[in-house]
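The values are calculated or read from the model by the stated rules, or taken from the named source; none is laboratory data. Since the structure is predicted, the reported quantities are computational estimates derived from the model, not experimental observations. Backbone-built Cβ (ideal geometry, glycine too); neighbour counts: all protein chains shown. Note: areas computed on protein heavy atoms with side chains; ligands, DNA, RNA excluded. Shrake-Rupley method; radii C 1.70, N 1.55, O 1.52, S 1.80 Å.
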Amino acid sequence: MTITMVKAPAVSISGLTVAYKTDAGELPAVSQVDLELAAGTITGLVGESGSGKSTLALSLLGAVQKPGRVTAGSVVVDGIGDMAKLAGEELRTVRGAKIGYVFQAAQNSLNPLKTVGKQLLDLGKAHKVRDLKGLLRHAKDLLDRMGLNADRVLDAYQHELSGGMRQRVGIMFALVLNAHVLVLDEPTTALDMITQANILQIVRDVHKEQGLTTLVVTHDVGVVAEVAHKIAVMYGGRIVEHGPVTQVLAEPRHPYTRGLIHAIPRLTGDISAAKALPGTPPTLGTIPKQGCVFRERCALRMEVCETVEPPAQRMLDGRTVACHAVKEGAA
Ligand SMILES: Nc1ncnc2c1ncn2[C@@H]1O[C@H](COP(=O)(O)OP(=O)(O)OP(=O)(O)O)[C@@H](O)[C@H]1O
Ligand SMILES: [Mg+2]
């Protein structure tokens, strides 16, 4: 087992707003988000499609692409600084070396024209790694640990690898430079249950052994239940609930979290009790400009929800909930 002396860094996201330019003007996909990823924890970020999960994940890497931009707030990584302010060479060095990431749809993000081994050497050279043999050894070790035949994988092109293998290769690339923050966007989507369980196990093991602070983005609350310590629930670009996984899943407080959890029979164990959340999530153009973004679908809707955006309130058990119908300290 690798014993690491470097302490996992904390990540503090404050007042973060990320907007995309559209025909209807610049519209926020992430609004005023405050989120702390405590050092050494795995946080699962959940929410329906379009809620802003990938946009938030990209801002951790300073990788929001045009037509998007960070319009307010900061993403401070311990020991690095504000990712929203880094640029150019400095940003390229930090990405990969300090913050490892696997993008959504990473299954298709390998270069189809180069073997995995060649791409690994390119990565090493881009990051000015002197000991390329050591880098190769480290990559092989990671691939072995993920149950892959390392020599075969390094000699392979993307099309020679299955979806599950590509996903593990992506995780290897994210970790091979010894990053201490790991961002995985939908690491198990489109994989069968056994491959999914295997990959989540690897994420848990490597997270612990290498001393990481990890963010796992997923639309699947089951994945969070399996892998994460903390859960952050996103809706319409806001974090509506954030807290310890066991508490939040056992007793969700925000009506959206409740809806998400009750929609999943395998969490409640009772298929007949599973209830789909009514309605559909908003798009950039239809996110309400004022008041609570969830009110259209909310059974607890009150007058105040029309005009006042609910602030994140800290509950007695340490979680935060942004809902007018949930009382402060009521946990
Ligand atoms: N390049 C872009 N240009 C314009 N709008 C964008 C762009 N990328 C994302 N959006 C919009 O921003 C919002 C948030 O998108 P994002 O991809 O962050 O959501 P997500 O929660 O990751 O969704 P999914 O679960 O489908 O991956 C969506 O309404 C999306 O349409
Ligand atoms: Mg996404």
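Of 294, 103, 173, the residue with the largest accessible area leads and the full order is 103, 173, 294 (1.4 Å probe). Measuring with a 1.4 angstrom probe and ignoring ligands and nucleic acids, residue 256 comes out at about 0 Å² accessible.
Rounded to the nearest 20, the size of the Cβ-charge dipole of region 195-317 about its Cα centre is 160 debye, with Lys and Arg at +1 and Asp and Glu at -1.
Run through the DSSP bridge list for the chain and note the antiparallel percent, rounded to the nearest 5. Among the beta bridges of the chain, antiparallel pairing accounts for roughly 60 percent.
For the chain, taking a cut-off of 4.7 Å between Cβ atoms, the unpaired cysteines are 298, 323.
Using 14 Å as the cut-off for backbone N distance, which residues of region 208-252 belong to the label zone defined by a point 7 Å from the Cα of residue 78 along Cα→Cβ? Counting backbone N atoms under 14 Å from the label point, the list is 211-214. Roughly how many nanometres apart are two label points built 7 Å out from the Cα toward the Cβ at residue 114 and residue 145? Roughly 2.4 nm, to one decimal. In a reduced charge model with +1 at each Lys and Arg Cβ and -1 at each Asp and Glu Cβ, region 9-92 shows a dipole moment near 200 debye about its Cα centre.
Each stretch of four or more DSSP H residues adds -39500 (n - 2.57); spread over every residue of the chain, this sum gives -9500 deg cm²/dmol at 222 nm. Annotation: region 84-204 has a Kirkwood hydrodynamic radius of 14.6 angstrom, from the mean reciprocal C-alpha pair distance.
Would you rank 301, 204 by solvent-accessible area, highest first, keeping every protein chain in place and using a 1.4 Å probe?
Numbers: 301 100, 204 75 Å².
Correct descending sequence by accessible area is 301, 204.
Net length available on complete extension from residue 246 to residue 152 is 29.8 nm, with 0.36 nm assigned per residue and the Cα-Cα distance removed.
Write down the percent of antiparallel bridges among all DSSP beta bridges whose residues are both part of region 174-331, to the nearest 5.
65
Counting protein heavy atoms only, region 117-217 has 52 percent of its accessible area on carbon and sulfur, 1.4 angstrom probe.
Overall, the chain carries a charge dipole of about 560 debye about its Cα centre when +1 sits on the Cβ of Lys and Arg and -1 on the Cβ of Asp and Glu, all other atoms neutral. Looking only at region 58-102, which residues have a backbone nitrogen under 15 Å from a spot 7 Å from the Cα of residue 21 in the C-beta direction? Counting backbone N atoms under 15 Å from the label point, the list is 65-71.
Give the residue from 312, 60, 29 lying farthest towards the positive end of the charge dipole for the chain; charges sit on Cβ (+1 for Lys and Arg, -1 for Asp and Glu) and the dipole is referred to the Cα centre. It is 60.
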